[in-house]
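Everything on this sheet refers to the single structure shown next.
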Amino acid sequence: MTRIAVYPGSFDPPTRGHTDLVSRSLSLADRVIVALARNSAKEPLFTAEERLEMLRTVAGSDPRVSFESFDGLLVDFARARGATLIVRGLRAISDFEYEFQMAMMNRKLLPGLETVFLVPPEDATYLSSSLVREVARHGGDVSSLVHPVVAEALRRRFAR
Ligand code: PNS
């Protein structure tokens, strides 16, 4: 049986933490679908297409990994793809409440769909897309936090 995992998120933009999580999740599943949520409540900096393109560049070197976007509920997307696992990163205690609620709700909506949490590398525990956006917006150096392609996209987006 092929074990399929979904790694959902906003990825606005993808960071080194996301790339690391994609690689780690391959030890849990035969295939990983990186699933970009289109209808996130947040107003994104990059379009879904731009983010998918960046994701393919930063995390697309393994044929077991694919990239898609989805509308609506994550559980419906997971069901349609035959996925049995959701993978999420857990950086700090502050992530826990939100992640725990989502995991419980997703399991309630689709029993049998398990969420697993992976811990990022120590030097990425502080890393988030929102902080990367904030630093880049004010001209800070994000080159150690994101792939060069993402750093360049941020530079262009915030160029005056
Ligand atoms: O990277 P993020 O923004 O923390 O990811 C959140 C995401 C996209 C995983 C979550 O908002 C989601 O699953 N959205 C799809 C809609 C949905 O299923 N919502 C109910 C979750 S319990």
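A few notes on this one:
- Seen against the Cα atoms of the chain and their longest principal axis, helix 148-158 is set at about 60 degrees.
- Rounded to 10°, Cα long-axis angle of helix 16-25 versus longest principal axis of the chain: 20
- Whole-number accessible area per residue in Å² for the range 96-150, which is evaluated in the context of all protein chains at 1.4 Å: 64
- Rounded to 10°, Cα long-axis angle of helix 93-109 versus longest principal axis of the chain: 40
- Separation between Cα centres of the range 2-19 and the range 123-160, rounded to whole Å: 17
- Dipole magnitude for the chain: about 200 debye, using +1 per Lys or Arg Cβ and -1 per Asp or Glu Cβ, origin at the Cα centre.
- For the range 4-159, the residue among Phe77, Val149, His138 whose Cα projects farthest onto the positive side of the dipole built from Cβ charges is Phe77.
- Largest first, the residues His147, His138, His18 sort by 1.4 Å accessible area into His138, His147, His18.
- Using a probe radius of 1.4 angstrom, the carbon and sulfur fraction of the accessible surface of the chain is 54%.
- With all protein chains in place and ligands, DNA and RNA left out, the 1.4 Å accessible area ranks Ser10, Ser61 as Ser61, Ser10, largest first.
- Using only Cα coordinates, the Kirkwood hydrodynamic radius of the range 49-138 works out to 15.2 Å.
- Placed amide H near Leu118: partners under 5 Å, 5+ positions off or other chain: Arg88, Gly89, Leu90
- Each distinct pair of alpha carbons in the chain adds a 1/r term; the inverse of their mean, the Kirkwood radius, is 16.1 Å.
- Candidates per chymotrypsin sites (Phe, Trp or Tyr not before Pro) in the range 111-160, loop by DSSP, up to 14 other Cβ within 10 Å: Tyr126
- Couplings for the range 56-64, taken from phi via the Karplus curve 6.51 cos²θ - 1.76 cosθ + 1.60 with θ = phi - 60°, read 4, 5, 8, 9, x, 7, 9, x, 7 Hz in order; Gly and Pro are left as x.
The values are calculated or read from the model by the stated rules, or taken from the named source; none is laboratory data. Keep in mind that what you see is a predicted model, and the values were worked out from it rather than measured. Using ideal geometry, Cβ is built from the backbone for each residue, glycine included, and neighbour counts are taken over all protein chains shown. For accessibility, only protein heavy atoms count, side chains too; no ligands or nucleic acids. Shrake-Rupley method; radii C 1.70, N 1.55, O 1.52, S 1.80 Å.
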